[in-house]
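First the structure, in the form of structure tokens, and then the observations on it.
The values are calculated or read from the model by the stated rules, or taken from the named source; none is laboratory data. Treat the numbers as computed from the prediction; the structure is a model and nothing was measured. When we count neighbours, we look across all protein chains shown, and the Cβ atoms used for this are built from the backbone with ideal geometry, even at glycine.
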Amino acid sequence: MAEIGFYHLTRSPLEQVLPRLLGRVLEGGGRAMVLAGSAERVAALDAALWLSAEPDWLPHGSPATGQAADQPIWLTAEDAPEAGAPNGARFLFLLDGVESARLPLFDRVLDLFDGNDEAAVTAARARWRTAKAAGHTLSYWQQGPRGWERRS
């Protein structure tokens, strides 16, 4: 089973939070797959990661650029195949309320959702219940004045 962290964004937009979390994965020698809700969102994230100031270098690719196996970060709107992420990622980032049927293929899953959108919060609660019933290890993180705070 995967370890799933739910990240409740309340103070910063996804475009600021995602690069920092991806940077931490890369610092630890990991690889990540980012599963977004649409190809348009993938294109927007691609541009945002190239323009990121913190960290200033996030090597990544998407189906538009190809060569998944060479990319430390893979951006996609398609769920991982049966074999896992095409770039060998052990970290999965879920955005836009997407769900993956392949959670057990990853060591760590980060489900990021907008805490200022009541529909997104309600959907995240439903994903929490589903993940808990499936036996995954869950944690809940919320942005606070000094950064991420683990909540129960």
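Taking residue 68 as meeting all but one of (1) among the small types (Gly, Ala, Ser); (2) closer than 27 Å to residue 130 by Cα; (3) in contact with a strand residue (DSSP E or B) (Cβ under 6 Å, 6 or more places away or on another chain), write down the number of the exception.
Unmet for residue 68, out of (1) among the small types (Gly, Ala, Ser); (2) closer than 27 Å to residue 130 by Cα; (3) in contact with a strand residue (DSSP E or B) (Cβ under 6 Å, 6 or more places away or on another chain): (2).
Being touching a Gly at 6+ places or on another chain (Cβ under 9 Å) and not in a strand (DSSP E or B): is that true of residue 101 here?
So residue 101 does not fit the description; no.
Please go through (1) surrounded by 20 or more Cβ atoms within 10 Å (Cβ to Cβ); (2) hydrophobic (A, V, I, L, M, F, W, C); (3) modelled with pLDDT of 95 or more for residue 43 and return the number of the only condition it doesn't satisfy.
Unmet for residue 43, out of (1) surrounded by 20 or more Cβ atoms within 10 Å (Cβ to Cβ); (2) hydrophobic (A, V, I, L, M, F, W, C); (3) modelled with pLDDT of 95 or more: (1).
Provide a single number: the residues in the stretch 95-107 that are surrounded by 17 or more Cβ atoms within 10 Å (Cβ to Cβ), over 21 Å from residue 40 (Cβ atoms) and not hydrophobic (A, V, I, L, M, F, W, C).
1
Quick check on my filter: what residues within the stretch 67-94 are surrounded by fewer than 22 Cβ atoms within 10 Å (Cβ to Cβ) and either under 14 Å from the mean Cα position of the chain (by Cα) or assigned to a strand (DSSP E or B) (or both)?
Those that are surrounded by fewer than 22 Cβ atoms within 10 Å (Cβ to Cβ) and either under 14 Å from the mean Cα position of the chain (by Cα) or assigned to a strand (DSSP E or B) (or both): 72, 76, 77, 78, 79, 80, 90.
I'd like the full set of residues that are surrounded by 10 or more Cβ atoms within 10 Å (Cβ to Cβ) and either in contact (Cβ under 8 Å) with a residue 60 or more places away in the chain or aliphatic (A, V, I, L, M) (or both), limited to the stretch 52-66.
58, 64 - these are the residues of the stretch 52-66 that are surrounded by 10 or more Cβ atoms within 10 Å (Cβ to Cβ) and either in contact (Cβ under 8 Å) with a residue 60 or more places away in the chain or aliphatic (A, V, I, L, M) (or both).
Take the residues in the stretch 17-40 that are part of a helix (DSSP H, G or I) and touching an Asp or Glu at 6+ places or on another chain (Cβ under 8 Å), then tell me which one is surrounded by the most Cβ atoms within 10 Å (Cβ to Cβ).
19
Out of the residues in the stretch 59-82 meeting the condition of being aliphatic (A, V, I, L, M) and in contact with a helix residue (DSSP H, G or I) (Cβ under 8 Å, 6 or more places away or on another chain), tell me which one is farthest from residue 120 (Cα to Cα).
Restricting to residues being aliphatic (A, V, I, L, M) and in contact with a helix residue (DSSP H, G or I) (Cβ under 8 Å, 6 or more places away or on another chain), the top hit is 64.
Looking at (1) farther than 20 Å from residue 18 by Cα; (2) of a type outside the set (Lys, Arg); (3) at pLDDT 95 or above, which one does residue 111 not meet, given that it meets all the others?
With respect to (1) farther than 20 Å from residue 18 by Cα; (2) of a type outside the set (Lys, Arg); (3) at pLDDT 95 or above, residue 111 is out only on (1).
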